[in-house]
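One structure below.
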Amino acid sequence: MNLPAASNRTPLESNAVDAADPGRPGMNRRAFARAALGVGATLAAGWPARGAEASRRRVRTGVIGCGSVSNAYLPTLVQCPYVELVSVCDIKPERARRQAERFKVPHHYPHLEAMLAGTPFEFLVDLTDMQAHEAVNRRALEAGKHVWSEKPIANSLAAGRELLRLAREKGLRLWGAPITVQSPQFAFMARQLAGGKLGRVAAAHADYGHEGPTWSAFFYEKLGGSMPDLAVYNLTTLTGLLGPARSVTAMLSIVTPERTVEDKGRIRVEEEDNAMVLLEHDHGVISHVQSGFNYFNPHGHDGSRETRHTIALVGTQGYLGLVGYDWAPLGVDLATKDHPTLTRHETDARGYVWQQGAALAAECLVTGRELLVTPEHALHVLEIITAARESQATGRRVPLTSTFKWPVVS
């Protein structure tokens, strides 16, 4: 694991030594995405007003994929003063036309090649089905476009590394969702760990699940599954807090072999809808992520009502619990030996929402400000997911080869 040059100890080791969604009940993800249309003003609070920054360069941006998640992304891009949204694209041309009209985007296209041959742009936002991300991202990079990709960034570590090599060769930027490490709640937890508040960190647990999407089959087809759709958030958060994982041991299963979805009717489920992933980090730290499409939750996808600790970290001196989901955090509870009563911190999102990643990337392209989100971290999480599938297939612990710059600090 790569360590910061300033120290031969990781923050977790230093700790031990130095310290001796706006929504409604029952909301599903599609409805949550629609509800996100109202968050533009909140997002813009951290950006300069358009009028005051009229001379600032705006990145000509195209969006591919006009399904459910575009209802969350497009408002943030329209509000972002660093973005000029010039085109949208979808293999269902009517969806592209509808979103172009709704968000006053001047051009819409029926497929990627038409978009690349159409009105010029420099930044592609990839919101297609997860199985298509790798091919779309590669083609965009080949065409000289910077890329923001919804998760996963590719379908294998080798392919992801090749995308990153291609981007660097061409002087382009490549980023991938999710952006959980950008939240103020993540920053607070990272500070407590770095400051030794938990003592010697031992373990962490995270879980995220619901009853499964109903609007598309791709969630259940090969290269879909609950891990790249759901566990990816928790895996990003825990590795961001605890450092890169060294090995993975996992058990995966299919609890519901058949599903009925809106686009294809009755289908067979081909990838896991139930996952238990155990991660080995450095210095004896072990973490566990649980995800699935068979988990009843009275709040559905309503992040504003999920008040459990969906992420918990424990050490010899203290406990941290993230309140709500890490993609829509509501606060952090902290208890220590010195102050054993749980105390809530960081209840203000400060403009953070999960769908602002592409807008933040555009700001990066204009201003040079770097994000905490990195492609190397996204690739590490991708390797964890593929290693979990290998572990299930072989019954063995699977060593990991990737890493990323850590600690993740603002």
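No value in this document is a laboratory result; all are computed from the given coordinates. All of these numbers come straight from a predicted model, not from anything done at the bench. Using ideal geometry, Cβ is built from the backbone for each residue, glycine included, and neighbour counts are taken over all protein chains shown.
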(message) At 222 nm, what value in deg cm²/dmol follows for the chain if DSSP H runs of at least 4 each add -39500 (n - 2.57) and the sum is divided by all its residues, to the nearest 500?
(response) -9000 deg cm²/dmol
(request) Using only the C-alpha atoms of the chain, find the volume of their convex hull and express it per residue in Å³. (result) 139
(request) Provide, for q = 0.14 Å⁻¹, the log10 of I(q)/I(0) from a solvent-free Debye sum over equal Cα point scatterers in region 324-368. (result) -0.52
(request) Considering only DSSP beta bridges where both residues belong to the chain, give the percentage that are antiparallel (nearest 5). (result) 60
(message) With only alpha-carbon pairs counted, each pair once and no self-pairs, how large is the Kirkwood hydrodynamic radius of region 45-176 in angstroms?
(response) 15.0
(request) Compute from the Cα atoms of region 78-117 the Rg and the Dmax, the latter being the longest Cα-Cα distance, and quote both in angstrom. (result) 10.2, 29
(message) Which lysines, if any, have their Cα less than 20 Å from the Cα of residue 264, not counting same-chain residues under 8 positions apart?
(response) 92, 222
(message) Let me check I have the definition right: for region 261-410, take the eigenvalues of the Cα gyration tensor, multiply each by 5, take square roots. What are those semi-axes in whole Å, largest first?
(response) 27, 23, 22
(request) State the volume of the convex hull built on the alpha-carbon positions of region 177-304, expressed per residue in Å³ and rounded to an integer. (result) 120
(request) Compute the distance in nm between two label points, each set 7 Å from the Cα along the Cα-to-Cβ direction, one at residue 282 and one at residue 344. (result) 3.6
(message) Within 12 Å, Cβ to Cβ, of residue 356, how many net charges do the neighbouring residues add up to if Lys/Arg are +1 and Asp/Glu are -1?
(response) 0
